[in-house]
Amino acid sequence: MATEHDINKLAALFAGARRITCLSGAGMSTESGIPDYRSSKGLYNTLTSEQVFDIARFRRKPELFYSVIGPLYLSILKAQPNAGHVALAQLADRFGKELVIATQNIDGLHQKAGSRVVHEVHGTMDTLSCQDCGSQALAKSFLNELGKGEILRHRCGGVFKPDITFFGEQLPAAAFSASLDAMADADLVLVLGTSLQVHPAASLPDARRDGCPLLIVNRTPTAMDDKADMVFHDSIGELLPQVLAQMDHGAQPGSQRGQRSDYHSALFNNNPTHLQRKNDL
């Protein structure tokens, strides 16, 4: 668990950054009641990714997708942002940070929390596209059918597919390109709630410029823990509000671009050892 000392350091780090870019994953939304994918209790613990989100399989047998995902889909549409989503949004609203979120999540909770610049690199569950005629519809128009696990169809008879990126499909080019640009332009990069196992999204933090601090908060170890300046295996919804509260109680306003807080200076002077925290659950 993060100590008071850790919280103070994180508050100084956040305060000293003007442009903050975040990559978020399924662990960001577990505190909203949405299961993740790869933890011991995740979706892939009982089903493989191919059974759930493989595009060729969906086209052959969409009934398998909707019978499994339909009820989960319904719960995602009804989910509400948790304290972690709200804290991120407040970095922009209350503290004036230039916040960009690149999310692997398909639940729309960052937008519901008030974040304005969100790039959905794996698409969204909010809309559907007919595989025959291309017409679009809002998923919330099919709540009854989703609850029953029924196939969603357009009036033309074609099957609706959620506007998410299945395995075997290309990521949305515009969202991914914008995410790369935001990583390269950041003063601070956050990785929140992702195991960094799904590429190419998992490689996004590598686009940050030399010396840009990297903070990872995830329940389990990630592939980039050894590259991060600080790593916590804490609850995102508990850690981020504590950091913002500390910023309220004395952290200096965000620096102008080109200026660094004392904490940033420690990182850029290649002295991060005492700042690193790599806990094990």
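From A137, A175, A182, grab the single residue that is assigned to a strand (DSSP E or B) and out of contact with any helix residue (DSSP H, G or I) (no Cβ under 7 Å at 6 or more places or on another chain).
A137
Of the residues F160, F142, which single one is outside any loop (DSSP other than H, G, I, E, B), without any contact (Cβ under 8 Å) to a residue 40 or more places away in the chain and within 16 Å of I76 (Cα to Cα)?
F142
Among all residue pairs at least 6 apart or on different chains, which show Cβ distances below 7 Å where the first residue, located in the range 112-124, is in contact (Cβ under 8 Å) with a residue 12 or more places away in the chain and of a type in the set (A, V, I, L, M) and the second is buried (at least 21 other Cβ atoms within 10 Å of the Cβ) and in a loop (DSSP other than H, G, I, E, B)?
Close Cβ pairs satisfying both conditions: A113/P81; V121/Q104.
So, in the range 57-69, of the ones that are surrounded by fewer than 19 Cβ atoms within 10 Å (Cβ to Cβ) and touching a residue at least 12 places away in the same chain (Cβ under 8 Å), which residue ends up farthest from G237 (Cα to Cα)?
Here the answer is R59.
The rows are residues; the columns are (1) under 13 Å from the mean Cα position of the chain (by Cα); (2) over 30 Å from L244 (Cβ atoms).
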residue: R60; (1), (2): no, yes
residue: F95; (1), (2): no, no
residue: T124; (1), (2): yes, no
residue: C130; (1), (2): no, yes
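Listed residues D210, D206, D226, D280; which is modelled with pLDDT of 90 or more, among the charged types (D, E, K, R) and not in a helix (DSSP H, G or I)?
D210
Determine, yes or no, whether D54 is charged (D, E, K, R) and farther than 18 Å from F176 by Cα.
It is true that D54 is charged (D, E, K, R) and farther than 18 Å from F176 by Cα.
Restricting attention to the range 152-190, which residues are over 16 Å from A102 (Cβ atoms) and modelled with pLDDT of 95 or more?
L152, R153, H154, R155, C156, G157, G158, V159, F160, K161, P162, D163
The values are calculated or read from the model by the stated rules, or taken from the named source; none is laboratory data. Just so it is clear, the structure is predicted and the values come from calculations on it, not from any experiment. Positions of Cβ are generated from backbone atoms using ideal geometry, with glycine treated the same way; all protein chains shown enter the neighbour counts.
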